[in-house]
Each structure stands twice: as structure tokens, then as C-alpha cells.
1. If I ask for residues that are β-branched (Val, Ile, Thr) and out of contact with any His (no Cβ under 6 Å at 6 or more places or on another chain), which ones from region 89-132 would you list?
2. Determine which member of the set Gly608, Gly628 is under 27 Å from the mean Cα position of the chain (by Cα) and at pLDDT below 85.
3. What helices (runs of 4 or more DSSP H) completely inside region 180-285 contain at least 3 residues that are under 24 Å from Ser159 (Cβ atoms) and either in contact with a helix residue (DSSP H, G or I) (Cβ under 8 Å, 6 or more places away or on another chain) or open to solvent by 40 Å² or more (accessible area, probe 1.4 Å) (or both)?
4. Please give the number of the condition Thr518 fails out of (1) touching a Phe, Trp or Tyr at 6+ places or on another chain (Cβ under 8 Å); (2) buried (at least 19 other Cβ atoms within 10 Å of the Cβ); (3) modelled with pLDDT of 95 or more.
5. Just checking, does region 449-462 include any residue being part of a helix (DSSP H, G or I) and closer than 29 Å to Pro481 by Cβ?
6. Can you pull out every residue in region 162-178 that is touching a residue at least 60 places away in the same chain (Cβ under 8 Å) and open to solvent by 10 Å² or more (accessible area, probe 1.4 Å)?
7. Anything in region 189-222 that is without any contact (Cβ under 8 Å) to a residue 40 or more places away in the chain and not basic (Lys, Arg)? List them, or say none.
8. Quickly run through region 136-150 and pick out the residues that are of a type in the set (S, T, N, Q) and outside any strand (DSSP E or B).
Amino acid sequence: MAGPDPEPSPAGQMSASGAASVLTGTVFPGHGAWDCTGLTALATGAVRASDVSMTAGTEPSTRWPAIPKDPGSFRVRPNLMDYDASRAAFSWDHARRELSGLPEGRGLNIAFEAADRHAAGELGVREALRFIRADGSSHALSYAELAEQSSRFAAVLRSLGVGRGERVFSLTGRNPSLYIAMLGTFKNASVFCPLFSAFGPEPVRQRLQLGSGRALITTRALYRRKVAQLRDSLPELRHVLLIDAEGSPEPGTLDLAGLMQAAPAGGQIAATQPEDMALLHFTSGTTGTPKGAIHVHDAVTAHHATGTFALDLHPEDIYWCTADPGWVTGTSYGVLAPLSHGVTSIVDEEEMDADRWYRILAEQHVSVWYTAPTALRMLMKAGADRAAGHDLSALRFVASVGEPLNPEVVVWGTEAFGQPVHDNWWQTETGGIMISNFVATEIRPGSMGRPLPGIEAALVARDAQDKPVVRDGQAVLVTEPDTMGELALRPGWPSMFRGYLHEEERYRRCFVGGWYLTGDLAKRDADGYYWFVGRGDDVIKSSGHLIGPFEVESSLMEHEAVAEAGVIGIPDPVAGEVVKAFVELRPGWEPSEELQLDIIGFARKRLGPAVAPRLLDFTTALPKTRSGKILRRLLKARELGLPEGDTSTIESPPGAPAATDTAPKAPGTAPGAPQ
């Protein structure tokens, strides 16, 4: 996938006028044009506080101009040049023919598609995974080495009696053993379940117990801190394999390196069928225990196809997905999609640091970069000048997922990277990207894009009780443009989850009237672009208005002082709910009553008094998952003293204050609102 017109300039060196020329073009329906001065201000991060009066729930949430693409400017011809033609020509059966399948018609196995089919040919010597150490040096696994090492791991599992369908968990950082174990588990017809290494002991125990973990791959330090004390409560966990035992494993554990050395290098991959269970991803609910989403080997069909269309992967790409494999993005697009395409993937063994990330992008000549909105906002907060001095000319496509991408971040990409950021949408349950902005198609900042080939999306109407409307067994669909409904997908794509482990009824409730209900509210404009409004339980109902928190948060972030924002509704006896915002400030800004009032006034001009926050608190850190999603439900629970639900994925410790009241409440606070 290539950058937009014009040819990207080195990051940090694009002039304001150059950035403006990138943005000049069509303006999407219902939105007024900007003059050149306005475009330049957008490209440089400055935003005019022009009056914007909106009716919640009836039109897109921002007035940013569309970003056109010039087909003649692409350095690499995009895989998807004509959106409508690509959708019309696509079929999942054809996508399956892009894969190899196990030899002798023995089925479909993710590991074979990701490693062995490349290892057998000229790609065997190509770097599959290039690991960047803390000191900046690198070490790599070729496709041939990855295939051989993962076969050894499969042999280790067989020698331990770990069988077909049994769950193998990982609890480790981004190191070669994690990736080898994942593919080796698939080769053994076992089921892989990655855990995030920052989980505490209780989330680890909970997931191992729910998933009936038979084997665990981890480090000595993580075992001592998070697992050793749990062994008595996990009778099904028979084997703990330490990747760094160095010949002297802890009591009750095994030395993985020693076992790998003794294992045979070859061995046939177990026969697996497309519908055989391959992956178990836990996703947190608002209450209760985590849900174990089941994915099958056929998911690799969707991983490969979406890597083609949404990420525009080409054979010579150097690709970097910053997500940890403990999250579904880090598995689907940090491992499986790029390996199925035979490209070289970058793996950073360290945590995020702005200067380090810019160095990696430059020194590793990354061409396709897939990262999280939170990371991009942190880079934006640090300033685009941090990119100066780094040669980012190899970078031709930037995409983001994890939570809605604010329009200003999309446009800021032109300043930092010489091109905009492409948002897309999917869930743990979908297993792969469902809706996307594509390299060759127009971007409408704030929109998640349009459905991928092979994906049928719609909006399901909801009644006064927020339940889906079903008539004669069929869901009633929203057909009017810019009207809110629940985002729904027609079942049948290969990476769709096949169930929640041990929760069949919970799974069945996700499907109504022929559609999978995502739980997300969205709008669709007249041209088929989808716009995220909020999770169904996040939407704020105030004085007859339905207010999407993302709409408010995006407008708040257009204020020059605001780095990030989280918005919730709090009870009010008159309005039902009023909007309250929690704001993180950019460097150089200090909380004050004057600034508080200025931000609220800015939002009122942008959104109108019915939608803008009536209350605003400053905070040093919004509560987020470790994958970067703002936990609005946790903001609300802490504000109102409600149960916090599952907090196992939270970035900050449970019980930490969500915000600090560093300034008095704004005038106009509604009667009865919490103080």
C-alpha cells in the first residue's frame, strides 16, 4: 500500500503549504469546505474554534476535509485500486485458493501457511522475524529457521503428551520463543492462548483455569512472581516450560531449551481441518469473568486477505505491528497475516519510547506500520519535531487500530510521517479487520472507513429500550444516511469467532435476525463510510439527545491544550444524564479554572450546548487497557462509586483514582450532578 498524493516528504520536513496541498480536495457530504488557511492550520495541528452546531445522532462528528488519493503517485501499486470492483470480484473461496493447504490434502494449518510453505521455497532464507534488542541491535529468524524451530516445539509437546485441542498458554515478552511456541502449538493441533506478560497473578490464574491450560511457556522471573504460588489451584496445568532455565529449571518446571535441543528437527504437521480450534483469545467484559473467544485454522484465510487489502502487504515490505501478541492484534497482525504473506516483520523487544520508535522506523526501513491510536497520540503529544532527523522515506503506509482514531491524529500524520494515518475497525470476536480506510481510496478523517471485500456490514435499528428491532425473524436495518444504529456484520467470514469457551448461551445472544451484533453504535454516510459513535453502554442520553462519547472526545482534542480526553454520562434528575469530561493536558499546560472554562467554551462552540461537557476534570492519566483503549466504564464506576467489573487488563492499578479535581466545577453544573 502506498502513501497519498503527493509523494511523502521526509517526516518533519513538510512545509505547511505542502501539507495543505495533501489535504486539498473533496469535502465529504454534509461538510463545508475549508479555505487554504484552514487546511494549513489542520496540517500543523492548529485548529480553528469555528462554530459547529450539531444534532447528536444525525450527522458525522467532525468537519475535517476529506483527504483524496492520487492513483498516479503510488510507489507500489496498491492491491485494492478500485473499491467497488474489488468487492464485486471477491469471494472467500477464491481467497482460500491463495493459500497452500497441507500437503496431500490433509487440511489447513495456520503454521504451514505462515512458515513452512515459505521455508520450502526461495523465501526460506528471508528474515521472517527481526527482533530489536534494548541496545538497538537486532537478531532474526529466517522462514526456514522458524519452520524448523516450531517443528521442534511441536515435538516437545508430543513428548509431554500434550494433545489435539489441548490449550498451550504463553506468558512472556516479545521474544523468539513466543513466536516459535505459537506456530509449534498449531503444528501439534493444540490450541494457543497468549497472555500479556504484564498481567498480575489473579488474571493469569483466571485465564489458565477458564481455558483448562495444559502447558505454559514463561520465564523464570514471571513464573516466580505470577505462577508458582498458583500451581495448587491449577491441577490441569501439567507442564511449565521456562525459556531461560539455562539447565537449572525451577522446581516443578522444565527447561525448554534443553527439550528443544533433544527434539527431532523434522516431523509431520498434524492434520487439521479449517474448522478445528486453533486460538483462544480472552477479552474482558464489563462485568464478570473474561470471555474466551474461539478461533479456528480457517481464520488464516481472513488474516491473509485482510493483509492484502487493509494493510496492502507486498513481498518486499518491512512491516511493523507494534501490538503485543498477548492481544488479538499482536497475534492476527503481528504474527499471522504478515507471515502468511512472506514479508519481514519487525519485533521490538522493548516498550514504547518516542525516540526509539522513530529510530526503528528509520533504521529498519519500515514500509508498512500498524500501531495504536494511543501510541500515535503519545507521539503527537511529544511533538512532530521528534521525527526530525529521522529518514522515514521508506514508510509508505500507516494504519491504526485499537480504539477510534481522532480526526486530528489522522491529519497530524501528514506532518509527522508525510502521509495521513488510516483507521480501521474490528474486534477480538471478528478475528480480523472488517472495516478499513484503504491505501488507494479517499480518507474521511474520523471515519473507520468502509467494509472490506467479503464483509457485509449494516446498522441494526434499536428500540426505546436499546434492544435490536426484529420483525418476522429479521433484523430491521437503518437505511437513512447519518442515522445511528448498532453496527452488525453478516456471519460467514473465516475469522469469525466460533464461540465463547463454555458459554454457548452468551455466544448465541450475539446473533439476532441473521446478523452478528457488535455492541458498537455507528453511523453510515451516504457514500457508505462508517463513523463510530460509541459502545452501546457508553452512549450518553441527555435531554432527549443521544451523545456519542467519541464525538465529544474528538472535539475536545482539537483544543490546543488537550492531549487526550475521556467522556462519560453522569446521572442528572432533570436531563437524565449530563456529559462529564476527563482531560489530560499537553506538555507545557497546567490545570486551572481559566483553562477549564476555556476548554468547555471551546467544546460548546464546536458541539453546541446540548452535546458539550457541562463538567470537566483534569487528570494525569486516563484509565486504559494495556492495548490502549480508554476505559469509560471504569471512569464512570469510579466517579459514581459503582463496581468496577473485570480490571485485569487495566494499565494502572485497580482502585487508583481516575482523575483529580484540580479545578472547581464549571459554572452551569446541572442540579444534582455529583460534585
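1. Restricting attention to region 89-132, the residues satisfying the condition of being β-branched (Val, Ile, Thr) are 110, 125, 132.
If the condition is that a residue be β-branched (Val, Ile, Thr) and out of contact with any His (no Cβ under 6 Å at 6 or more places or on another chain), then Val125, Ile132 are the ones that fit.
2. On the way: Gly608 fails: under 27 Å from the mean Cα position of the chain (by Cα).
Among Gly608, Gly628, only Gly628 is under 27 Å from the mean Cα position of the chain (by Cα) and at pLDDT below 85.
3. Values: elements: 201-210, 220-226, 256-262.
Qualifying helices (runs of 4 or more DSSP H): 256-262.
4. (1)
5. Restricting attention to region 449-462, the residues satisfying the condition of being part of a helix (DSSP H, G or I) are none.
No, because not a single residue in region 449-462 is part of a helix (DSSP H, G or I) and closer than 29 Å to Pro481 by Cβ.
6. As a first pass, look at region 162-178 and keep what is touching a residue at least 60 places away in the same chain (Cβ under 8 Å): 162, 164-165, 167, 170, 172-175, 177-178.
Listed by number, the residues that qualify are Arg164, Gly165, Arg167, Gly173, Arg174, Asn175, Ser177.
7. Step one: filter region 189-222 for residues without any contact (Cβ under 8 Å) to a residue 40 or more places away in the chain, giving 190, 201, 204-205, 208-209, 220-221.
Matches in region 189-222: Ser190, Pro201, Val204, Leu208, Gln209, Ala221.
8. Matches in region 136-150: Ser137, Gln149, Ser150.
The values are calculated or read from the model by the stated rules, or taken from the named source; none is laboratory data. It should be emphasised that the depicted structure is a prediction, and the values quoted were computed from it without experimental measurement. All Cβ positions, glycine included, derive from the backbone under ideal geometry; neighbour counts span all protein chains shown. Keep in mind that these areas ignore ligands, DNA and RNA; they rest on the heavy atoms of the full protein, side chains included. Shrake-Rupley method; radii C 1.70, N 1.55, O 1.52, S 1.80 Å.
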